[in-house]
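A short worksheet on the structure shown next.
The values are calculated or read from the model by the stated rules, or taken from the named source; none is laboratory data. Since the structure is predicted, the reported quantities are computational estimates derived from the model, not experimental observations. Here the Cβ positions follow ideal geometry from the backbone for every residue, glycine too, while neighbour counts run over all protein chains shown.
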Amino acid sequence: MRTPPLGALVEPGGTRFRVWAPAATRVDVEVVGRDPLRLDPGDGGHHEAFVEGVGAGAHYRFRLDGGDAFPDPASRFQPEGVHGPSEVVDPAFDWTDGGWEPPTLEDLVVYELHVGTFTPEGTFDGVRQRLAALRELGVTALELMPVADFPGRWGWGYDGAALYAPSRAYGRPESLRRLVDAAHAEGLAVLLDVVYNHLGPDGAYLAAFGPAFTSKHETPWGQGMNLDDEGSRGLRDFFLDNALHWLREYHLDGFRLDAIHALVDDSEPHFLQELTAQVRALDGPPRLLIAEDPRNLNTLVQPLPEGTGLDAVWADDLHHQVRNVLAGDTEGYYADYADATAAEIAQTLDRGWFYDGRPSKQTGRPRGTSAEGVRREQCVVCIQNHDQVGNRPTGARLHHEVSAAAYRAASALLLAAPETPLLFQGQEWAASAPFPFFSDHNDELGPLVSAGRKREFQDFPGFAGTVPDPQDPATFRQAVLDWDEREAGEHARTLALYRALLALRPALGPPEAARAEAVGPQALRIDRGGYVVLVDLEGGARLALPAGAETVLTTEDATFAVDPQPPARDGDAVTFARPGALVVRTA
């Protein structure tokens with residue numbers, strides 16, 4: 001059963017203030033320009049009161065037991081930053097998406113973007129101006145990296161502090177609503193990356209109001225979130241209300257749930273099962289729930305009540321295998337993918353993930369669970385994402401570290417895969433901009449963040465040398481995409497390849513009918529309906545063509561390569577002199 005929503009809720013004649021503060025005997029709301037008003041204590045540690053004459057635009061704080069005054073943990077906007085007063089926001093909006101039907105999971109092509117670096121403007125409105133370009137590219141959903149407000153002028157968003165408030169760095173709440181409404185008009189779904197596994201180290205005042213943490217569990221960020229200890233009901237309800245608020249007030253189409261392996265919860269039902277059930281109970285179009293989790297757990301996508309009931313999960317095995325083959329990565333977690341072969345990649349494509357209980361190459365212990373019963377579209381795969389790019393010492397992308405030919409071949413592999421593909425901003429034109437980790441913390445916290453970053457990735461050799469300082473404004477600025485470059489040279493040709501492959505994807509047939517096999521040491525054949533995709537990740541393999549096959553495209557066509565080297569034809573086979581891919585029609 002849902003509890004009433006939290007925050008400053010605009011009603012006829014005034015605003016209702018409702019806050020979870022079980023540790024406080026007295027809570028006063030202090031609206032700027034008015035006398036303080038004590039909220040009435042209620043069930044579950046909640047306090048609330050209706051204040052006449054207070055409307056949208058009013059600024060306020062909550063004072064606890066006559067001590068410090070804090071922003072509202074459920075603030076809808078923080079106009080002066082996460083440490084400033086909260087603003088009352090009326091969610092009313094002139095929506096035009098009444099007939100909106102989001103893409104099905106089978107039709108999903110996800111485009112992950114960071115609002116602050118996706119355009120020079122770095123705003124929701126800036127993203128909105130580029131929606132037509134994304135529709136023309138052929139993706140079907142945007143995935144916004146976290147937009148909940150954070151300290152400073154910029155950041156990745158995973159140190160969120162005001163979890164209900166779109167960052168003032170990106171625009172006002174109505175700007176986000178305009179973006180979602182316009183995206184739906186273009187036929188694009190909008191997913192939001194949300195973080196419930198920790199709170200940011202600066203400006204997250206939720207813990208001042210109630211027992212947000214528990215010593216029962218440890219995470220990479222310290223104590224675990226209190227999902228199963230004394231007083232956990234209030235925090236669970238806070239997170240549930242937060243998720244539902246994004247869906248109701250912003251018409252978002254679902255979530256990417258960050259690092260759910262760090263959501264430690266020994267109670268029943270698990271927090272994620274409760275979240276899934278409440279999202280499924282909402283009126284309106286179906287919403288997608290996609291998890292980030294490295295464990296390859298089949299239970300995550302099994303239906304409630306036995307499973308978690310999520311729609312899909314990020315599956316990193318394909319990314320790691322491709323990086324090992326093309327870039328030679330073996331450090332850190334890549335050790336489990338050393339000496340990857342086309343046969344192993346084919347197994348990943350046929351299952352959705354590689355580690356299905358088989359022994360880890362690194363430890364010898366079983367890793368993952370069986371992918372039997374997991375539909376391949378339930379596995380989200382990539383060759384770039386914010387983590388895998390940003391967690392490299394300089395934020396280098398795959399195409400910065402391998403040849404253009406190898407990158408085109410890997411791109412064809414990704415977009416022919418029966419799994420759900422995810423693109424990271426700019427990869428479709430082989431953007432020159434890196435995506436290093438950046439932050440804008442205060443002078444005390446900033447150096448600690450920089451040092452902690454190096455410590456976290458000490459097993460990766462590049463972090464032992466000089467790496468961009470996350471706190472240097474130049475580190476942020478170099479991550480901003482250059483949209484002008486996509487019109488010329490290798491960038492334009494790469495973009496043409498992505499558009500062609502994405503235009504072809506709907507014709508490739510259902511994911512469950514796809515079959516992959518190795519046809520060389522690093523060469524694969526993928527059968528998709530009436531099409532066959534042949535990919536050679538190193539070049540030199542003799543690739544047999546199906547009888548009567550009609551060539552649709554190769555990654556060495558002059559349309560896609562500045563210095564094309566078309567494959568040599570030898571009877572019923574072709575050979576690429578360097579990495580390449582070929583798509584043929586067989587029916």
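Descriptive notes on the structure:
- Arg569, sole failed condition from (1) closer than 30 Å to Ala169 by Cα; (2) without any contact (Cβ under 8 Å) to a residue 24 or more places away in the chain: (1)
- Checklist (1) within 24 Å of Tyr355 (Cβ to Cβ); (2) out of contact with any Phe, Trp or Tyr (no Cβ under 7 Å at 6 or more places or on another chain); (3) in a loop (DSSP other than H, G, I, E, B) applied to Asn296, failing item: (2)
- Close pairs from segment 203-227: first among the β-branched types (Val, Ile, Thr), partner part of a strand (DSSP E or B), Cβ under 9 Å, at least 6 apart: Thr214/Gln223; Thr214/Gly224; Thr214/Met225; Thr219/Met225
- Within segment 317-354, tally of residues that are surrounded by 24 or more Cβ atoms within 10 Å (Cβ to Cβ), out of contact with any helix residue (DSSP H, G or I) (no Cβ under 6 Å at 6 or more places or on another chain) and in a loop (DSSP other than H, G, I, E, B): 0
- Residue within segment 76-93 that is of a type in the set (Lys, Arg), buried (at least 17 other Cβ atoms within 10 Å of the Cβ) and assigned to a loop (DSSP other than H, G, I, E, B) present: yes
- Strands (runs of 3 or more DSSP E) completely within segment 1-62 that count 2 or more residues being under 17 Å from His245 (Cβ atoms) and either modelled with pLDDT of 95 or more or assigned by TED's automatic domain parsing to the domain that holds Tyr205 (or both): 7-11, 14-20, 46-52
- From the options Ser403, Ser360, Ser450, Ser370, residue that is under 26 Å from Glu538 (Cβ atoms), touching an Asp or Glu at 6+ places or on another chain (Cβ under 7 Å) and surrounded by fewer than 24 Cβ atoms within 10 Å (Cβ to Cβ): Ser360
- Residue tally, condition more than 28 Å from Gly539 (Cβ to Cβ) and among the β-branched types (Val, Ile, Thr), over segment 373-400: 2
- Checking each residue in segment 1-33 for being polar (S, T, N, Q) and in contact with a Leu (Cβ under 6 Å, 6 or more places away or on another chain) picks out no residue at all.
- Filtered by the rule that a residue be surrounded by fewer than 20 Cβ atoms within 10 Å (Cβ to Cβ), touching a residue at least 40 places away in the same chain (Cβ under 8 Å) and within 25 Å of Phe239 (Cα to Cα), segment 11-27 gives Pro22, Ala23, Thr25, Arg26.
- The listed residues are Gly33, Gly55, Gly67, Gly45, and the only one of them that is in contact with a Pro (Cβ under 7 Å, 6 or more places away or on another chain), farther than 19 Å from Ser167 by Cβ and among the small types (Gly, Ala, Ser) turns out to be Gly45.
- Total residues in segment 126-185 satisfying the condition of being among the hydroxyl-bearing types (Ser, Thr, Tyr) and modelled with pLDDT under 95: the figure is 0.
- Pair list, Cβ under 9 Å, 6 or more apart: segment 498-517 residue within 14 Å of Val533 (Cβ to Cβ) and surrounded by 19 or more Cβ atoms within 10 Å (Cβ to Cβ), other residue aromatic (Phe, Trp, Tyr) and modelled with pLDDT of 95 or more: Ala500/Phe560; Leu504/Tyr531; Leu508/Tyr531
- Failed condition for Gly98, given (1) under 11 Å from Ala8 (Cβ atoms); (2) of a type outside the set (D, E, K, R); (3) surrounded by fewer than 20 Cβ atoms within 10 Å (Cβ to Cβ); (4) under 27 Å from the mean Cα position of the chain (by Cα): (1)
- Matching option when the condition is assigned by TED's automatic domain parsing to the domain that holds Ala148, surrounded by fewer than 22 Cβ atoms within 10 Å (Cβ to Cβ) and more than 20 Å from Arg16 (Cα to Cα), among Thr117, Thr123: Thr123
- Segment 240-269, subset assigned to a loop (DSSP other than H, G, I, E, B) and of a type in the set (A, V, I, L, M), residue nearest to Val88 (Cα to Cα): Leu252
- Subset tally (residues that are touching a residue at least 24 places away in the same chain (Cβ under 8 Å), under 21 Å from Pro85 (Cα atoms) and crowded, with 19+ Cβ neighbours inside 10 Å) for segment 31-49: 3
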